[in-house]
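Q: The structure follows.
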Amino acid sequence: MARASMPVSLGPDPNTRAPHWTLPPGSCDTHAHIFGPPDLFPYADSRRYTPPAAPFEHYRNMQKITGLSRAVFVTPAAHGLDNRVILDAMERMQGSARGIANIDLSFDAKAIDALHEGGFRGARFHLMDDRPGSEEFLTQNLLVLQKRDWILDLHLDPKDLVEHEAFIRALPTTTIIDHMARVRAADGLKQPAFKLLLDIIRDERFWVKLCSFDKISAVPKAHVEGSLPFMDMVPFAQAVIATAPDRIIWGTDWPHGNTFTPGRTPNEGDLLDLLAVIAPDDATRKKILVDNPARLFGFPPP
């Protein structure tokens, strides 16, 4: 059962603002979660924290304000192995969404086929100390990914990237390094994990997701009224774009679960304006928001 003292995370910024630039048609948010509502889609007893309800309707409202039109929903850990909340969201997006599932060996071929039919195109696995996952567990599930030509969404911390380097380099599937391997801005561009990340993504099997800068930035707030937070992440993002421009995608991480510090939750308008700083030219932004995710997740031309 869930612990009585389980922490409750903050909700998303309720006042989404539009970015100061116009997004190209077909712009895709490649990392978003839907939480509940828990009366319809209950949270798993095994969850590490309790998120506030962040239903599909609220996510769509954010999209309409910002100009995003496509999405890749990732089944949140708070829902465990129950992927129904994402199946529901994809159905309601009517072809403009894909999913990344939570699975294990209890999913037989029929269950995986049903997920694929519903729009799932990959599965997420962790190689982190604070979450379930291991090289052995991932290896056991690789065959499922290969049979369906699914994407591996790999979630890890910098030290895990270094520790599991040989295993990661040998992965046979198309692999997204989630959240830019959560490299911490405070550790600098020359930190071993970031240098390794840049080397790994020279291999065409590997993609990088620009996401969750609020979790890894050392500058969570703008110092000047009207300026942007997370500016210390700009050189990191620019370095991965320069290394693999055709395999970089971007995500909001809406509704920014696992956030417990007031004032740290980002606004999606700020995140998109930060992307405009990272990639000042229209062509690069279109590649990151439209062309790359369309190729990876099988979206049709907008």
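The values are calculated or read from the model by the stated rules, or taken from the named source; none is laboratory data. Everything numeric here is computed off the predicted structure, so don't read it as measured data. Here Cβ is always computed from backbone atoms with ideal geometry, including for glycine, and neighbour counts include all displayed protein chains.
Q: Within segment 163-195, track down each residue that is under 26 Å from Met231 (Cβ atoms) and part of a helix (DSSP H, G or I).
A: Asp178, His179, Met180, Ala181, Arg182, Ala185, Ala186, Asp187, Pro192, Ala193, Phe194, Lys195
Q: Going residue by residue through segment 234-246, is there one that turns out to be over 23 Å from Asp281 (Cβ atoms) and in contact (Cβ under 8 Å) with a residue 24 or more places away in the chain?
A: Scanning segment 234-246, I find no residue that is over 23 Å from Asp281 (Cβ atoms) and in contact (Cβ under 8 Å) with a residue 24 or more places away in the chain, so the answer is no.
Q: OK, next. Quick check on segment 65-86: of everything there that is in contact with a strand residue (DSSP E or B) (Cβ under 9 Å, 6 or more places away or on another chain) and farther than 23 Å from Leu138 by Cβ, which residue is surrounded by the most Cβ atoms within 10 Å (Cβ to Cβ)? Before the answer, list the steps.
A: Applying the first criterion (in contact with a strand residue (DSSP E or B) (Cβ under 9 Å, 6 or more places away or on another chain)) to segment 65-86 yields 66, 68-79, 81, 83, 85-86.
This time we only want the ones that are farther than 23 Å from Leu138 by Cβ, so: 66, 68-71, 85.
Values: Thr66: 22, Leu68: 24, Ser69: 20, Arg70: 23, Ala71: 27, Val85: 25.
For segment 65-86, the residue satisfying everything is Ala71.
Q: Right, another one. State the number of residues belonging to segment 250-273 that are in contact with a helix residue (DSSP H, G or I) (Cβ under 7 Å, 6 or more places away or on another chain) and part of a helix (DSSP H, G or I).
A: Number satisfying all stated conditions: 3.
Q: Another question, if that's okay. Could you check how many residues of segment 152-182 are buried (at least 22 other Cβ atoms within 10 Å of the Cβ), under 20 Å from Arg295 (Cα atoms) and out of contact with any Phe, Trp or Tyr (no Cβ under 8 Å at 6 or more places or on another chain)?
A: 2
Q: Now for a separate question. Going through segment 246-264 one residue at a time, which ones are closer than 21 Å to His58 by Cα, crowded, with 19+ Cβ neighbours inside 10 Å and not aromatic (Phe, Trp, Tyr)?
A: Gly251, Thr252, Asp253, Pro255, His256, Gly257, Thr259, listed by residue number.
So that you can scan it fast, the table gives a plain yes or no per residue for (1) small (Gly, Ala, Ser); (2) surrounded by 14 or more Cβ atoms within 10 Å (Cβ to Cβ); (3) in contact with a Cys (Cβ under 9 Å, 6 or more places away or on another chain); (4) outside any helix (DSSP H, G or I):
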position: Phe107; (1), (2), (3), (4): no, yes, no, yes
position: Leu115; (1), (2), (3), (4): no, yes, no, no
position: Arg124; (1), (2), (3), (4): no, yes, no, yes
position: Gly133; (1), (2), (3), (4): yes, yes, no, yes
position: Phe137; (1), (2), (3), (4): no, yes, no, no
position: Leu143; (1), (2), (3), (4): no, no, no, no
position: Leu197; (1), (2), (3), (4): no, yes, no, no
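Q: Another one. Is it true that some residue in segment 59-67 is not in a helix (DSSP H, G or I) and not small (Gly, Ala, Ser)?
A: no
Q: For segment 30-53, what are the residues that are modelled with pLDDT under 95 and assigned to a strand (DSSP E or B)?
A: Correct list: Thr50 only.
Q: Six or more apart or on different chains, Cβ atoms under 6 Å: show the pairs whose first residue is in segment 21-39 and buried (at least 17 other Cβ atoms within 10 Å of the Cβ) and whose second is among the acidic types (Asp, Glu).
A: As it stands, the answer is His31/Asp253, since those pairs meet every condition given.
Q: Hey, among the residues in segment 271-286 that are without any contact (Cβ under 8 Å) to a residue 60 or more places away in the chain and either in contact with a His (Cβ under 9 Å, 6 or more places away or on another chain) or surrounded by fewer than 21 Cβ atoms within 10 Å (Cβ to Cβ) (or both), which one's nearest to Ile241 (Cα to Cα)?
A: Thr284
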